[in-house]
Amino acid sequence: MPPVTTPALFGAAAVDATDDHPLVAATREYAERVLRPRALETDATEVGSEVIDDLRRLGLLNHLAPRAYGGAEADRPVDRRIHEILAGACFNTWLVWAQHAPSIARLSLWRDQNPDAEHPLVDAVLRGELLVGAGISDVRRFPDRYLSARRAPGGWVFNGTVSWVSGWGLNSVLLIAAVDAATEEVVLALVPVEERTTASPLHLGAVAGSRTERVDLASVTVRDENVLEVVPLERWRAKDVAAAADARSHHFGLAATVLAELAAEAHPLAREVASVWAPRIADIRERAYDLIDRADGGESIPLTDRLELKVASGHALTSLTQALVIARSGRGLAGTSTAQLHARSALFVLVQGQTDAVREAQLRAFAA
């Protein structure tokens, strides 16, 4: 298969420069040698513990951590490029890793703010010794369905069901967001996996190998030292709504793979589709990253602008994966075809991080 990193898609100088970064180069070599050849098998089975061990050896379980913890202190362009590479090579592996990666940034910030605090669990995560699972999206469903947080002596008690946790069986600690209904505050904490955290399979039609399960927390005690922050619900929601409205790196990593496979098809029109769509994807990508950077820099970006690009990236992915299925004809319907794998991954992207605002924007685009 042709290299995924095509000049037509990744032509921005600021991003091309990251390809020379040692961590990016090592990630790409591993992704092409191990993850991509096994992507179909991983989807049919599951992400294995050996893959997590490999990611740890590469430094990808603490790439955002301070160097004092063995981390690479990777900047945003490098982090984005790694997301693109992993998502393009094996979407299941990317999802497991992507649940963990942002926790490193959160914990690095917490450590900066609490330099003298003794916290073996935080330090173990920052050293890349533990894989973290995430359960923070259920806050969006408050007050209808959510994880509850109740104050108790020396900490909190969490109850409820986490709708999605990827990497179950691989992660030994969860990053959980629960809501104290009495005060309408969100409690974000590290919760070690123990006998009162039980899971049940979701039997997903997409990312089936990501070990994504529904996890129940039955009166789990969370000590104060494991609480990272307690913030007003409205402040949490405002940040969450904005972040969920963005087109993100994994969209473009998946798009790059599909473009490369279209470009390798025998039918000349399949190659033409790749040629036509590559600059469109590059444009969406450039504008999406620019909006995120400006918003994080303090600029007020209209939510509609961010949503427009997320809708556009979702439309692009579904269009490209449909084109790949069509180009392969009957072969594109086989479960052993990457066309099916990519099409299912594109459908997952449509619903991942879906707030009410995102859903409305997506449906409005279809109704237009």
[x] 20.6, 63; [y] 20.4, 68; [z] 21.0, 78: which one is Rg and Dmax of the Cα atoms in Å as calculated from this entry? [y]
Quick one: Debye curve from the alpha-carbon atoms of the range 205-333 only, equal weights, vacuum; give me log10 I(q)/I(0) at q = 0.13, 0.15, 0.16 Å⁻¹ to two decimals. -0.75, -0.88, -0.94
Accessible surface of the chain, 1.4 Å probe, proportion on carbon and sulfur as whole %: 54 percent
Give me the 1.4 Å probe accessible area per residue for the chain, excluding ligands and nucleic acids, in Å². 44 Å²
Per-residue counts of other Cβ atoms within 10 Å, averaged by peptide: what ranking do you get for 43-52, 127-136, highest first? 127-136, 43-52
What ratio of Cα Rg to 2.2 N^0.38 Å holds for the range 136-266? 1.26
Among Asn62, Asn114, Asn171, determine the one that fluctuates most according to a GNM of the chain built with springs between C-alpha atoms less than 10 Å apart. Asn114
Taking 0.36 nm per residue of separation between Glu360 and Asp53 and subtracting their Cα-Cα distance, the length gained on full extension comes to 106.5 nm
Once Val351 and Asp75 are pulled to full extension, the length gained, defined as 0.36 nm per residue separation minus their Cα-Cα distance, is 96.6 nm
How much length is gained if the chain between Leu303 and Leu121 is pulled fully straight, taking 0.36 nm per residue apart and subtracting their Cα-Cα distance, in nm to one decimal? 61.9 nm
Please compute the net charge surrounding Asp180, taking Lys and Arg as +1 and Asp and Glu as -1 over other residues with Cβ under 9 Å from its Cβ. 0
Tally Lys/Arg at +1 and Asp/Glu at -1 over every other residue whose Cβ is under 10 Å from the Cβ of Ala274; what's the total? -2
Compute the signed sum of charges (Lys and Arg +1, Asp and Glu -1) over the other residues within less than 12 Å, Cβ to Cβ, of Phe142. -3
Compute the helix-to-body angle for 303-328: its Cα long axis versus the longest principal axis of the chain, expressed 0 to 90° and rounded to tens. 50 degrees
Could you tell me the calculated FRET efficiency between Val231 and Arg294, based on Cβ-Cβ distance and R0 = 30 angstrom, to the nearest 0.05? 0.80
May I ask you to derive the FRET efficiency for Arg33 and Arg150 from their Cβ-Cβ distance with R0 = 51 Å, giving the value to the nearest 0.05? 0.55
Counting only residues 5 or more places away or on other chains, whose amide H sits under 5 Å from the amide H of Asn171 once H atoms are built in the peptide plane? none
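The values are calculated or read from the model by the stated rules, or taken from the named source; none is laboratory data. Since we're looking at a predicted model, the values are computed, not measured. Every residue, glycine among them, receives a Cβ derived from its backbone with ideal geometry; neighbour counts consider all protein chains shown. Just the protein is used for accessible areas: all its heavy atoms, side chains included, with ligands, DNA and RNA removed. Shrake-Rupley method; radii C 1.70, N 1.55, O 1.52, S 1.80 Å.
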